[in-house]
Each structure stands twice: as C-alpha cells, then as structure tokens.
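Below is one structure, written out as structure tokens; the observations come after it.
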Amino acid sequence: MITDESVERVREGADIVQIIGEHVKLRRSGNSYRGPCPFHQGTGPNFSVVPAKGLYHCFVCNESGDVFTYLQKRLGMDFPDAIRYVANKAGIVIEEVQRSAEAVDTRQPMWDLYAMVADWFRTQLWDERAGEAARNYLSFRRVTRDVADRFGLGFAPRDLDAMRNHLVALGVSEEVLLAAGLLVQREEGGALRPRFRDRLMFPIVDASGHHVAFGGRLLGPGEPKYLNSAESPVFTKGRVLYGLHMAKHAIRREGRVMLVEGYFDVVRLVSAGFEWVVAPLGTALTEDQAALLPRYAKQAFLLYDNDRPGLKATFKAGDRLLHERMSVQVVTLPEGEDPDSFVDKFGGEKLAEQLSDAVDIFERKLNELARNGYFAELHRKRVAIDKLLPTLRATADSVTRDIYIARASELSGVTREALEREVSQMSPRVSVSQAGRSPGPPPVEEEPIADRRSSGRRRPIAATPGIERSLVRILLHDRSHVEQVAEHIGPDELRDPALRDIYRALLSVPPDDSIEVVASRLEPESADLFSLLQREPIGEGEEVQGSLAGSIARIRRTAVQRKMDEITRAIRIASPEEQDVLISEKRRLMDDLAALGGGSFKSFDRARQT
C-alpha cells in the first residue's frame, strides 16, 4: 500500500505537461499549454494543461483532473499504477507498506487453491493425452494456443481421481476441496467426485485478478452444456463479469464497454482486437454486475444473440444499465449469428461496422414494437406503453429520460403529459422530476416484446394456472375435443406460455396423428410440462365434459375481463375521439361478460349434446 506522503510527493513532483505531451501535441499559450482533446477526439486547441496547478481541462467535453486522473481515464490504469508510473517518470522513490499479518484476507487460501487448480487444468489440456479431444475442439473453433493461454483455458479429465490425487499429494485435504466446491458428494457418506469432468475449463477471475471459480463446457452431448462453480465465500455468480480483470484498462481507455452472452464470445472478440468486452456468467445481467461497469465507462454496447431470448436479455440488461446512468447502445447482428460466429466468419472489421450502426436501446425497443404493430391499434398501443414504462422508469439520467418520453410521445401519438403521468403512477417511488433516484433495482419486463410462444426460459411447473392446465390436460388425453374447443378459445387467450405452446401444437396437427407428432411441434421449454400432463388422469364421461365446459367459460370470462381492463387503461392515454371508440367497445364487452354468466359454457354444452 502506497503511503499518503508518497502520493503527495509524486503529485507535487509530476511534470503533467511532459506526461500528457507524450500522447497529445501541446503548444504553449501563456501560462498553459493547449492542444486537441484526447477524450472526445477533438481537432481544435480546446484542451488546456496548466502546469502551475497540475490540472487539465477540456472546454468542450468538460473532462478535467490531475495527472493521475488522466492516466486512469486515458490509459486505463488503476490509481496505484498511475502513482507508480508518474513516480518512475519523476525519479521519485515511493514508500509502500505491507499489511499487517492480522490484516491478511481470509479468502487468500481459496484464491490460491483456485489458481493452483487452474494451472493443473492447463497442464491437462496441453500436456496430457486426456486433453487431446479438448485440443481438437479448440482447433475446430479456431482458437489458437496463444489465445487459449491468454484466457488460461484448461481441461477437466473424465478420471474421477486424477485431480484429487494431485492436490492431496500437494497437501490439500479432501475437506478443503469439498468446501471449495471442486469435489462434490451426492449424498451423505457417498463417494467424492470432481464437480467438473470431461469439460473445457474457463477460469473465472474477479476484477482484482483473483481466481474465484470455473466455467466448464461439455465437449460431447449432455446437459448442462455449461456448468459454473457453486457459489462460495469467494464467488457469487451475480457479482462477477467474465473477462473484466483483463478488459478494465481497455474499457477505461475506450470509454465504453461491450457486453456479450458467453465465454466464447469474449474469447473470439478479444482475439479480434476488441479488448473492452465482458460477459455475465450464463445469466441475465444482474444489478450487482451492472453496478460494476460505471466505474470504468459511461457507454455500453449490448451484443447479445440475435434470437428471441437474446432480445429479451438485451432489454433487461439495458434497463439495468440505464439505472446506472449509462448510455446504452444495441448492436444487431444478422439472423442466425452470434458474436463468436460473426467475427469468425467475417472478421473484426465487419464487427466494427456493426458497432458504428448501433442503435440506442430505447429506439431499438420502439422499433421492435412498431415492427410488431403495437402502435397501429388502440388496444395494443396501451400494451406498448406498458412495455416502455419499465425502461422509462429505469432511466436514471433525467435528460435521457426526457428525450425518451418525447420520442415515445412522437411515435405513439400519446401526449407527453399522459406519458409523464403514467411513469409517475407506475413507479410511486420515483417521480418524473426525480429521475432515477429509486433505491431499488430497475424493473424488468416479464414478457418479451413480440408476440411469442415462449419466454425462452424454463418455467416452474407448479406456477401454471389451474383452469388452463385442466383444459389442456383433457385435450391431450382426448383430442377429439380439440376442434370444438378451438371454436371458443384461441391460443392467445391462455396466459401461461407453456400451456399456450402445447395448445398451439394440438391445433396444428390432425387428431389422429400420434402424440409424438404433437411433441415435435413444441418449444423445448414446454417439454417437461407436456410429459407431466400426459401422466395426470382426467376422469371419465360427463365429468370430463363438465370440466371442459367450465374451463372454457372461465377462460373466456378472464379474457374478456382482461380486454376490459386494457381498455380502461387505454382510455387514460387516448384522445377524446379515441376515448369514445374505447368506451363503446367496453360497453360491448360488458354485455359479453354478462352473457357468459354461470359456471359453464352453454354453447359448448349444446354442441356436445348434438
């Protein structure tokens, strides 16, 4: 640790003109030196360095600070490194003191253990016969030895005892390996087994450079394809960004950060020269991960997979970063490409072109809503505003939020005053005039933007609505009812995504096709529920018929009530002319609701009796 006295001596002895002059062409102007600003890449002499004060300032972008600030922001150095750099330039010997023995971090032994295991995994990859398949896999993915070594890639062999025997011989006990999550015990008294077997290993390093965990990718078929270390005293998955320890200096230097989804995306982009890239650890960007980034940059580029789950993750991550007062841009790759495959096929120059075409996160959201027709109809316009509100509410910078509200008003036709009122009502903790001061995390959307069959994520089976579940279960067991039910219930009237997916699959095939054909039409996320419903009994005869009729009636009533609620909310943002149309439609729906009445659906009862 550098003493405060040393810091001040270095600050006083620093030649700020000499140090900045190594990167900026400065010319004397009175008591200061002027040149083009290195922060906003200006061309005029708007950047001033005042040696008497030891400060710099740009009169255009307002960047300012001392020599240490300059080195941190422009070259990406940490504060201690900046002090050492200046001290070396000035010929000043700095005084550093060691922490006392009592102050040694209790996490150090586990950091050391993970670093030791990372070394062993690397040896298995490159020097052992067992690593041949992993070496071939890296060759297939066109990852060179230099790139792999830069990230410390390794291999966990299939052998159950190899790692344990190696580490025990070095004095590491099985109890420590179990506590670190490197060994696992399936049941009390059972055999100890390595957590990672037959996987390509990615060491996970925290921002301070400590080895804290691993991510492992299977080389062959099986699940899960990617497996991370269990959480431990040194590792919380939602608080670490993959690659940040290597990228942080480049992020500071660039003034921006690129977020991608996976390990190989980071590896590929860094090898192509984009060193300012990081990734969450196989999960959506968390509040803690988002909070790490403003320390290094104010602008973020989101480069997630160009598919439905990727788009949903993009908007969630965008809200998190807007909450941290960051500027957020979205890069959209061609259909079917992810960052790894795109750069592998087309190279880094093409990716640079994609970055130059990045779109603001809110504009991207507006475009997606417009593309799916959400602003074309009154009812869907209300839904569109509801989908925009989380982003407006998450945007902590008041100027940015003001711009977003104006743009949403322009595109939707909803008045600015109505939007501001909605933002305030939807978020009681945050007023429009106090943009972004809410203490909690920003809200995220529960459903994707476009009309979709699934949310792209496996749902808990227990969360499915009972009435919808009963209806779909009966139709799975007795598909002769599918056509009759379809006359009264459309797929979009089912709220649960998995049940909706199964119902769509039933509607898409003839009743005499095998159940395997139905299963082949499902999204992967619906498979578990589909199998479970097949095993559940449905009753017989009149009991089944009554259950169907009651289910249809209740689902129809729920759908009508939902439409009425949407209209009620749409009236709040509609013009007077639009309000007349909406009120008229609401009255019609009230009549429909009254006609549905009772606990069964009479038209279905009559149909099944004929």
Members of region 292-319 found to be touching an Asp or Glu at 6+ places or on another chain (Cβ under 6 Å) and within 28 Å of residue 61 (Cα to Cα), listed by number: 294
List the number of the failed condition for residue 329; all other conditions in (1) of a type outside the set (Phe, Trp, Tyr); (2) buried (at least 24 other Cβ atoms within 10 Å of the Cβ); (3) touching a strand residue (DSSP E or B) at 6+ places or on another chain (Cβ under 6 Å) hold. (2)
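Rundown of residues vs (1) assigned to a loop (DSSP other than H, G, I, E, B); (2) touching an Asp or Glu at 6+ places or on another chain (Cβ under 8 Å), yes/no style:
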| position | (1), (2) |
| --- | --- |
| 217 | no, no |
| 230 | yes, no |
| 245 | no, yes |
| 252 | no, no |
| 265 | no, yes |
| 270 | no, no |
| 273 | yes, no |
Looking only at region 232-242, filter to residues that are part of a loop (DSSP other than H, G, I, E, B) and in contact with a helix residue (DSSP H, G or I) (Cβ under 7 Å, 6 or more places away or on another chain); which one of those is nearest to residue 284 (Cα to Cα)? 241
Flag for residue 591 being modelled with pLDDT of 80 or more, more than 18 Å from residue 377 (Cβ to Cβ), in a helix (DSSP H, G or I) and out of contact with any Cys (no Cβ under 9 Å at 6 or more places or on another chain): no
The residue that is nearest to residue 329 (Cα to Cα), considering only those in region 212-268 that are buried (at least 18 other Cβ atoms within 10 Å of the Cβ) and of a type in the set (Val, Ile, Thr), is 257
With 93, 10 as the choices, which residue is surrounded by fewer than 17 Cβ atoms within 10 Å (Cβ to Cβ) and within 30 Å of residue 208 (Cβ to Cβ)? 93
Residue 142 in contact with a helix residue (DSSP H, G or I) (Cβ under 7 Å, 6 or more places away or on another chain) and loosely packed, with under 13 Cβ neighbours inside 10 Å: yes
Among the listed residues 321, 389, 351, 369, identify the single one that is assigned to a helix (DSSP H, G or I), in contact with a strand residue (DSSP E or B) (Cβ under 6 Å, 6 or more places away or on another chain) and assigned by TED's automatic domain parsing to the domain that holds residue 262. 321
Filter region 62-79 down to residues that are part of a helix (DSSP H, G or I) and over 30 Å from the mean Cα position of the chain (by Cα) and give me whichever is surrounded by the fewest Cβ atoms within 10 Å (Cβ to Cβ). 69
Out of 293, 303, which single residue is crowded, with 22+ Cβ neighbours inside 10 Å and within 15 Å of residue 240 (Cβ to Cβ)? 293
Any residue at all in region 10-19 that's outside the structural domain of residue 207 (by TED's automatic domain parsing), among the polar types (S, T, N, Q) and part of a helix (DSSP H, G or I)? yes
Subset of region 38-50 [surrounded by fewer than 16 Cβ atoms within 10 Å (Cβ to Cβ) and within 25 Å of residue 13 (Cα to Cα)]: 50
Log entry, pairs with first residue in region 162-183 being within 18 Å of residue 211 (Cβ to Cβ), second being surrounded by 16 or more Cβ atoms within 10 Å (Cβ to Cβ) and of a type in the set (Phe, Trp, Tyr), beta carbons closer than 7 Å, six or more apart or on different chains, reads 163/120; 166/120
When you look at residue 168, is it out of contact with any helix residue (DSSP H, G or I) (no Cβ under 6 Å at 6 or more places or on another chain), surrounded by fewer than 15 Cβ atoms within 10 Å (Cβ to Cβ) and β-branched (Val, Ile, Thr), yes or no? yes
Please give the number of the condition residue 338 fails out of (1) without any contact (Cβ under 8 Å) to a residue 60 or more places away in the chain; (2) touching an Asp or Glu at 6+ places or on another chain (Cβ under 6 Å). (1)
Could you tell me whether any residue of region 101-111 is among the hydrophobic types (A, V, I, L, M, F, W, C), surrounded by 17 or more Cβ atoms within 10 Å (Cβ to Cβ) and closer than 30 Å to residue 212 by Cα? yes
Among the listed residues 205, 278, identify the single one that is assigned by TED's automatic domain parsing to the domain that holds residue 177, under 25 Å from residue 71 (Cβ atoms) and crowded, with 23+ Cβ neighbours inside 10 Å. 205
Could you tell me how many of the residues in region 289-304 are of a type in the set (A, V, I, L, M), in contact with a Ser or Thr (Cβ under 6 Å, 6 or more places away or on another chain) and assigned to a loop (DSSP other than H, G, I, E, B)? 0
Counting residues that are within 27 Å of the chain's Cα centre (by Cα), which helices (runs of 4 or more DSSP H) fully inside region 135-213 reach at least 2? 145-151
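The values are calculated or read from the model by the stated rules, or taken from the named source; none is laboratory data. Please read all numbers here as calculations on a predicted model, not as lab measurements. Every residue, glycine among them, receives a Cβ derived from its backbone with ideal geometry; neighbour counts consider all protein chains shown.
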